[in-house]
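Asks: Have a look at this one before I ask anything.
Read-outs throughout are calculated quantities, based only on the coordinates presented, and are distinct from any laboratory measurement. Bear in mind that the values here come from a model prediction, so they are computed numbers and not experimental data. Neighbour counts run over all protein chains shown; Cβ positions are idealised from the backbone, glycine included.
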Amino acid sequence: MMKNKNIKSKAIIVENVYKKFKLVYDKPFTLKERLVFWKNTKVGYHEVLKNINLNIEKGETVALIGVNGSGKSTLLKLMTKIIYPTTGKIITNGKLTSLLELGAGFHPDFTGRENIYFNASIFGLTASEIDKRVQDIIDFSELGDFIEAPVRTYSSGMYMRLAFSIAINVDADILLIDEILAVGDQHFQDKCFKKLNELKESEKTIVIVSHSLESVKKLCNRAIWLYNGEIKKDGKTKEVIDEYLKVCG
């Protein structure tokens with residue numbers, strides 16, 4: 001058991017985490033099929049993460065890398081508590097914000113401005129706190145007059161701009177990002193990475209899932225390589241990426 005003093009120095013603690021998802025084969029869809037074939041339904045399980053143990057220190061910038069299906073996004077979702085481990089536990093210390101799925105938490109019929117209030121409140125900000133930050137969010141997003149349009153009219157790039165602008169302005173201690181920065185034009189991607197570097201310099205904790213290894217090298221001081229649901233290597237970014245490329249490059 002980790003002592004309380006040590007726990008407080010960590011931003012994220014992952015202990016003995018396993019995650020499996022239930023799979024139903026030959027699932028009946030109609031009422032007739034359910035009555036006739038109910039005995040034929042087969043259930044299986046897919047283990048996505050296997051005995052994951054790691055600590056992320058406060059102020060670290062960490063990348064999760066690996067091929068598709070290795071468990072990176074699942075681990076990130078477990079950190080946000082969108083989903084929960086099958087066994088094991090995850091502890092987070094500090095206010096947390098995330099960018100996992102494009103437009104998650106947005107109401108399609110609300111305007112961009114209305115969604116700022118709606119989304120930022122989910123992250124724990126009061127109406128008066130959002131009032132103070134709303135113009136900074138709008139300015140960073142570069143949406144201009146589109147901020148008054150329903151977000152269902154937005155392109156994927158506009159969604160990303162608004163989501164990122166909100167997430168970086170809620171003053172969180174921990175920021176979790178899943179590949180969302182691959183969306184949008186080069187100008188805004190560069191702007192996002194500049195802002196992430198500023199957050200890094202201010203000792204915010206950042207965990208990012210990305211297939212852009214060059215971006216990971218520039219931003220992160222540590223990388224964790226997941227392979228078949230297990231940690232294959234954890235260490236300095238360049239060393240981990242070099243090993244990863246020998247196997248998967």
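Asks: Would you calculate, for the chain, the mean residue ellipticity at 222 nm contributed by helices, counting each DSSP H stretch of 4 or more residues as -39,500 (n - 2.57) and dividing by all residues, to the nearest 500? Intermediate values should be presented prior to the final figure.
Replies: Working: 9 runs with 94 residues, N = 249.
Helix contribution divided over all residues of the chain: -11000 deg cm²/dmol.
Asks: Starting from the Cα gyration tensor of region 41-167, take the square roots of the eigenvalues, sort them a ≥ b ≥ c, and report rounded, prolate or oblate (rounded when a/c is under 1.5, otherwise prolate if a/b is larger than b/c, else oblate).
Replies: On the way: a/c = 2.33, a/b = 1.74, b/c = 1.34.
Judged from the Cα gyration tensor, region 41-167 comes out prolate (a/c at least 1.5, a/b above b/c).
Asks: What is the sum of charges, Lys and Arg at +1 and Asp and Glu at -1, for the other residues whose Cβ falls under 10 Å from the Cβ of D173? The partial results should precede the final answer.
Replies: Numbers: positive: K58, K95, K204; negative: D171, E203.
Net local charge, D173 excluded: +1.
Asks: Quick one: which of K19/K218; K194/K238; K195/K238; K50/K233 span more than 24 angstrom between C-alpha atoms? Let's see the in-between values first.
Replies: On the way: K19/K218 31 Å; K194/K238 20 Å; K195/K238 22 Å; K50/K233 14 Å.
As for pairs spanning more than 24 Å Cα to Cα, those are K19/K218.
Asks: By count of other Cβ within 10 Å, fewest leading, how are C248, C220 ordered? Spell out each step's value before the answer.
Replies: Working: C248 13, C220 25.
The fewest-first ordering by Cβ neighbours comes to C248, C220.
Asks: Please compute the net charge surrounding E239, taking Lys and Arg as +1 and Asp and Glu as -1 over other residues with Cβ under 12 Å from its Cβ.
Replies: Details: positive: K217, R222, K233, K236, K238, K246; negative: D234, D242, E243.
Net charge around E239: +3.
Asks: Still on this structure: Net charge near E214, counting Lys/Arg +1 and Asp/Glu -1 over other residues with Cβ under 14 Å of its Cβ?
Replies: Details: positive: K217, K218, K238; negative: D190, D242.
Summing Lys and Arg as +1 and Asp and Glu as -1 gives +1.
Asks: Consider the candidate values [x] 18.8; [y] 16.9; [z] 13.4; state which one is mean projected area of the Cα convex hull in nm² computed from the structure displayed.
Replies: [y]
Asks: Over the chain, calculate the relative contact order: mean separation of alpha carbon pairs under 8 Å at least 6 apart, over the residue count, as a percent. All intermediate terms of the calculation are to be shown ahead of the outcome.
Replies: On the way: 435 pairs, mean separation 63.4, N = 249.
It comes to 25 percent, rounded to a whole number.
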